[in-house]
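The next block holds one structure in the form of structure tokens; read it before the comments.
The values are calculated or read from the model by the stated rules, or taken from the named source; none is laboratory data. These figures come from a predicted structure and were not determined experimentally. Note: ideal-geometry Cβ built from the backbone for every residue, glycine included; neighbour counts use all protein chains shown. Keep in mind that these areas ignore ligands, DNA and RNA; they rest on the heavy atoms of the full protein, side chains included. Shrake-Rupley method; radii C 1.70, N 1.55, O 1.52, S 1.80 Å.
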Amino acid sequence: MCDIYLERHDPSNNLHRFYALTVSPGIFSDWALVREWGRVGSPGTVRSHSYHSKEEAIDEKNKVFLKKQKKGYSIKFMLDLDDEAVGA
């Protein structure tokens, strides 16, 4: 399940993209920020980066999130701090 799921649509340029961000515990007492992106309806590219603490991973997730919003992505799904789904 993703923490944040974003989409960007521009029908005039046939652009339909998604970007998902997830913070999850790693297997070596670390934390991972997992990013997935691609065309809506298709499997995406997945990249994971490890961090020493959960706070570092969340900080990076927030930085990426803000960059994507500036590029025109909008929130379609977000998991809040109480693990309750928030849809857009």
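List of remarks:
- Filter result for Arg47 (surrounded by fewer than 12 Cβ atoms within 10 Å (Cβ to Cβ) and of a type in the set (Lys, Arg)): yes
- Among residues of segment 49-73 that are in contact (Cβ under 8 Å) with a residue 12 or more places away in the chain and farther than 13 Å from Ile4 by Cα, those with a beta-carbon under 9 Å from a residue that is in a helix (DSSP H, G or I) and of a type in the set (Val, Ile, Thr) at least six positions away or on a different chain give the pairs Tyr51/Ile58.
- So Ser29, is it modelled with pLDDT under 95 and either not in a loop (DSSP other than H, G, I, E, B) or not charged (D, E, K, R) (or both): yes
- Scan of segment 1-26 for residues that are open to solvent by less than 30 Å² (accessible area, probe 1.4 Å), closer than 18 Å to Glu55 by Cα, not in a loop (DSSP other than H, G, I, E, B) and not β-branched (Val, Ile, Thr), ordered by number: Leu21
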